[in-house]
Structure formats: C-alpha cells, structure tokens
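Below you'll find the structure, written out as structure tokens, and then a few comments.
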Amino acid sequence: MICPRVAAARCLANIEQDGSSLSRILPRVEQDVDPSQRSLYRELCYGTLRFYWKLDAALRPFFSKPLKAKDSDVKMLIYVGAYQLFYTRIPPHAAINSSVDGSRSLGKKWAAGMTNAILRRCQREQDSLFNSLDPAAAAAFPTWLFDALQSAWPDQLQDIVDASNAHPPFCLRVNALHQSREHYLDALANIDIAATACEFASNGIRLEQACSVDKLPGFHDGHASVQDEAAQLCTSLLELRPGLRVLDACAAPGGKTGAILECEPQLGELIALDIDEQRLSRIQDNLDRLQLSATLLSADAADTSAWWDGIPFDRILLDAPCSATAVIRRNPDIKLNRRASDIKPLVQLQATLLDALWQCLKPDGIFIYASCSLLPAENEQQITAFVAKHEDAELVPITADWGIDRSGCRQLFPHINSHDGFFYAKIRKKL
C-alpha cells in the first residue's frame, strides 16, 4: 500500500505526461491505496487538477530549474501539497511533512529538501502568492480556454469559472416505471439521505451529499440511476410515443438510453450505437439493472454502411463527441489534456456525424443534437451550418425554462449546486 499523496502524484504525473484520462488512471493507481484512504486520494487528484493552472503559475518560479519529464511525479507531489495548504483543512505541518516523506517514497530522496523548501515558502507567502497572476491563471484555467470562454460568454464567465472549479452535484434520475419522484424522495428521507427535487428534470433528484449507490433505495433493482439533470432533459425534446424506431448514437455509457426507455417503454425499437465495443458492456449492465432492453451495436456511427439496415428512424439522438468544456467540474483533467488544436477536428467529426446520421432519419422525424460543450463552434455554429447545408432540415426552436436561447437552440451553463452545462438543438426533417 502507498500513501494517498504519493498515489495522487503518480496519477497526476501520468495524466500530465501521457494525456491519460482521469477516469482510466484513477482506479488503476487506487488499487495500491489502503481502502480507508481512497476518498482522500480521490480528493487530492480531483482538487489538484481543478486548481492545477493556478498552482502551476504561482509555484513554477519557485523551482530553480524545470524538472525533467521523468520527475513529473515530484512536481505533482509538490502541487498536491500546495493544494492541501490552500484548499483543505489539513494542518500545514501535516501537508508539508507528508509531501517531504512522499518524495522519499517515490524513491527520490534528492527531492526532499526542495519539496520542503517550496512548500514552506508557499506557507510563508500564502497571503500574496496568487496576487500577480494573469486572469486565466487566477481562474485556474488554461489560457486558450479562458480566452475562448471570455470571448463567447463575457457576462457568464465568472459563473462558469466558479461552477467549473466547484464539486459537482450528485443527481439521480428516478425510474418512473417503478415509482414517482415524490415516493423516492420519501424513501431517501426515511434513511436520512437529504435530497431535493431538481428544478427542470421531472424525474430528477439532487442529493445534498454524494453517497455510494449501494445506499440508495432500490438502486440495484433499477429504481434510480445516477445522471445529471441537464442530461435528463433529452427525453422531453424527443417527443417519444409508442411504436417509434429510435437511434441513440454515441450512446455509451447508456444514461440516455435508459432514460429514453423509462420515458417510453413501448417503443418499436431502440438501437444504442457506440464505436467502443467495451463501453457497450456498460450500457448492457445499466439496462440489465433497469430490467429494460435495447439493440446494442458497435460501429462508427458515421459509417452507416457498416451498421444501418436501411430502415429509417423516427427519432435520432446524437450526443456528439465534444470538448466536454461544460462538465470540467466532473472531469478536471480536461483542463490539462484538452488543447485549442483539438477543437477543429472535433467540429469536423461532429459535422461528419450529423451528415451521416441525417440520411437515417424519416421525413417528419426529429433529430436531437446534444453536446456537453460551452464552445459555440461545437454548438449553435455547428447547427446553423448544418441547417444551411441541408434543404430538408428545419430547426425547431426550443422553448424552455432552462438554459438560454442561442439561435433557436438551448445552451445550459454549469451552476453551483445545480445542473451541468449542456447544449441541445432540435431539427425536424421536412416532408
């Protein structure tokens, strides 16, 4: 077993050096952490990533020379220690001493003195350490993304920053096939789990504190699923009814697949499509738990010849691959791994998927385009270009009490203690 601070440093070094995703590397390293310390390990990983750019800008001048790539774990150990100093209630001496000990545990005794000196300087200068940072670093954002958000959303920028740097809410979707939201809230109250109804999603519940799903009433029997409120809103836009043939493209991990079937269990057919065959197993696990069924296909959605049988769909939901800039608080590694150069290829991929899947939709059918991005190029600009290119595409303005209007589409922003950011567009194919 290794201490959670050393484990966090190793995890973060992998993310920085290899571009590994937090969701993949976190559990792999976690196996070497004592189970009683794993919550601390996760907090250190998530927290340090949330404030990486702020810590990096402030602490980088404290290094006499840049560390070699192979010593990225030492740098990350120091940043983990600084995160504890500035953003947790861990006593300063404990944060510093544990980091110094951690450098030895990494097999790098030479770094102990440097680690001690830098963190003690942080402690001495904590009142002024962050005073001279540029706006992006002060917001704990990479410069390219901060500038892009400032350009697109000057009035919402501070709220976006604050929400993106906060802990995400823990939201559930109640399975209305089993019980009402009100009954499930009562069931939670009976076991002292504090929760409230979501404002916009009719089956959504927000817990005051995150908890293990094992503690949730009937979770393993399909009575509820973990899903953010913003993602739950897709079902109302699809205008589902019995007998329809529906495609959930880019469906993994299957949250929306389950939500669609709960909303309308009498569909003619629901096909859940994803390019990653391994991720399809997560969809199947979710459906098994919910006691629901769908047709699962593994293929590139853009290559319709590889999977489509030629029978058109009444409804298509495309939750498009995107920058995920609206859900940074859930995936703070995005700040470290995403680059400005990633956006153009993503926009091209989204356009390719839209064009390919559009031919699979029936006349008078409804196409829902969704993304968890805040960047207009992936959202309303993408849809405006698509509608202009396809004469049989008609944008259906979304009128809702959530989000803001963007050329007939709807953009939601992440809010503290509320839903994530999200984007929706509704397109009808003309007869």
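Being touching a residue at least 40 places away in the same chain (Cβ under 8 Å), in contact with a helix residue (DSSP H, G or I) (Cβ under 7 Å, 6 or more places away or on another chain) and open to solvent by less than 50 Å² (accessible area, probe 1.4 Å) is the filter here; which residues of region 152-189 pass it?
Going through region 152-189, the residues touching a residue at least 40 places away in the same chain (Cβ under 8 Å) turn out to be 152-153, 156, 159-160, 162-179, 184.
Now narrow it down to the ones that are in contact with a helix residue (DSSP H, G or I) (Cβ under 7 Å, 6 or more places away or on another chain): 152-153, 160, 165, 171, 173-177.
Selection gives ALA152, TRP153, ILE160, ASN165, CYS171, ARG173, VAL174, ASN175.
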Selected residue (criterion: surrounded by the fewest Cβ atoms within 10 Å (Cβ to Cβ)) from residues of region 231-259 that are touching a Gly at 6+ places or on another chain (Cβ under 7 Å) and part of a helix (DSSP H, G or I): ALA231
Looking at (1) open to solvent by 10 Å² or more (accessible area, probe 1.4 Å); (2) under 24 Å from the mean Cα position of the chain (by Cα); (3) of a type outside the set (Gly, Ala, Ser), which is the only condition PHE367 fails? (1)
Determine whether GLN17 is touching a residue at least 12 places away in the same chain (Cβ under 8 Å), in contact with a Ser or Thr (Cβ under 8 Å, 6 or more places away or on another chain), part of a helix (DSSP H, G or I) and open to solvent by 50 Å² or more (accessible area, probe 1.4 Å). yes
Which residues, counting only those in region 265-315, are open to solvent by less than 50 Å² (accessible area, probe 1.4 Å), among the charged types (D, E, K, R) and under 26 Å from the mean Cα position of the chain (by Cα)? ASP274, ASP276, ARG289, ARG315
Restricting to region 44-67, count the residues that are within 19 Å of SER105 (Cβ to Cβ) and either surrounded by fewer than 20 Cβ atoms within 10 Å (Cβ to Cβ) or of a type in the set (A, V, I, L, M, F, W, C) (or both). 3
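Can you tell me which of SER72, SER36, SER98, SER105 is touching a residue at least 24 places away in the same chain (Cβ under 8 Å), over 23 Å from the mean Cα position of the chain (by Cα) and open to solvent by 70 Å² or more (accessible area, probe 1.4 Å)?
Details: SER72 fails: open to solvent by 70 Å² or more (accessible area, probe 1.4 Å); SER36 fails: touching a residue at least 24 places away in the same chain (Cβ under 8 Å); SER98 fails: open to solvent by 70 Å² or more (accessible area, probe 1.4 Å).
Only one candidate passes the filter, namely SER105.
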The conditions are (1) open to solvent by 20 Å² or more (accessible area, probe 1.4 Å); (2) in contact with a Gly (Cβ under 6 Å, 6 or more places away or on another chain), and CYS198 fails exactly one of them. Which is it? (1)
Which numbered condition GLY19 fails, given (1) at negative phi; (2) within 25 Å of the chain's Cα centre (by Cα); (3) not β-branched (Val, Ile, Thr): (1)
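The values are calculated or read from the model by the stated rules, or taken from the named source; none is laboratory data. Nothing here was measured: the structure is a model prediction, and the numbers come from that model. Using ideal geometry, Cβ is built from the backbone for each residue, glycine included, and neighbour counts are taken over all protein chains shown. Note: areas computed on protein heavy atoms with side chains; ligands, DNA, RNA excluded. Shrake-Rupley method; radii C 1.70, N 1.55, O 1.52, S 1.80 Å.
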